[in-house]
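These notes concern the structure reproduced below.
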Amino acid sequence: MRRRHLRIALITLGMAALSACGVGAPGASLPSSTPAPVATSFEEYAVSFCAAFDAMFRAVGNPDTAAGSELSKALDAAVAAHDGAAAEPLAVEITTELESGRQHVAQAGGWRPAVPMMAQLDRVFVAFEAMTSAKLAAAQGEPDAVDPQAAFEQAGGVEAWFAMFDLGRTIQAERPAEVKQCANVPVSP
């Protein structure tokens, strides 16, 4: 039964995100259902890798430094104020960013050497989505709301984060000698 409620909540969030983007408005076009091509080279992987981290930093901030994003700080303030009405659109926006990041992770995972690492990065995004849902539940005063950090940990976020970096070392030999840092975030593919 709880899984059904989660599914309904995710569908509702998705619909709200589409409405907020103006889908269905005159002249608006629906997003393509055709998946974007997957990376087949390091260069393509690097573009998608950086785009995934851009989305993560916009959604939740820098996990290494615990510096929250504007969105996550606003959501935290709504949780502290028990303001479910303010928390809901923030949670939708964060989840939309995280889902965008997951799409970039899937694209980056097309480059064979990165497959294991991207699988772990996807788990990190899923764990941040679980944390965001828990924060929304707390802001809305749900009596059985899970602690957001516990939700992140239960979803495997901590293990996936460290596994991702361990697996990142395994692709060193496949990368070019000179790798530039991502343009917008302090990480390198």
Sulfur and carbon atoms: percent of accessible area, the stretch 103-189 [1.4 Å]: 53
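Compute the length gained on full extension between residue 85 and residue 153: take 0.36 nm times their separation in residues and subtract their Cα-Cα distance, giving the result in nm to one decimal.
Working: separation 68, 0.36 × 68 = 24.48 nm, distance 2.61 nm.
Fully extending the segment from residue 85 to residue 153 adds 21.9 nm.
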Relative counts (whole %) of C-alpha pair distances in the stretch 36-189, using bins that are 10 Å wide: 12, 40, 30, 14, 4, 0
Cα principal axis extents for the stretch 113-189, largest first, Å: 53, 24, 14
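Any idea of the accessible area per residue across the stretch 94-179, 1.4 Å probe, to the nearest Å²?
On the way: 4180 Å² over 86 residues.
Heavy-atom accessible area per residue stands at 49 Å².
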Value of Rg/Rh across the stretch 64-125 [Cα atoms, Kirkwood radius]: 1.12
Inverse of mean 1/r across different Cα pairs in the stretch 31-88, Kirkwood, Å: 13.7
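The values are calculated or read from the model by the stated rules, or taken from the named source; none is laboratory data. On a predicted model such as this, the values are computed, not experimentally measured, just so you know. These accessible areas exclude ligands, DNA and RNA; they are computed on the full protein's heavy atoms, side chains included. Shrake-Rupley method; radii C 1.70, N 1.55, O 1.52, S 1.80 Å.
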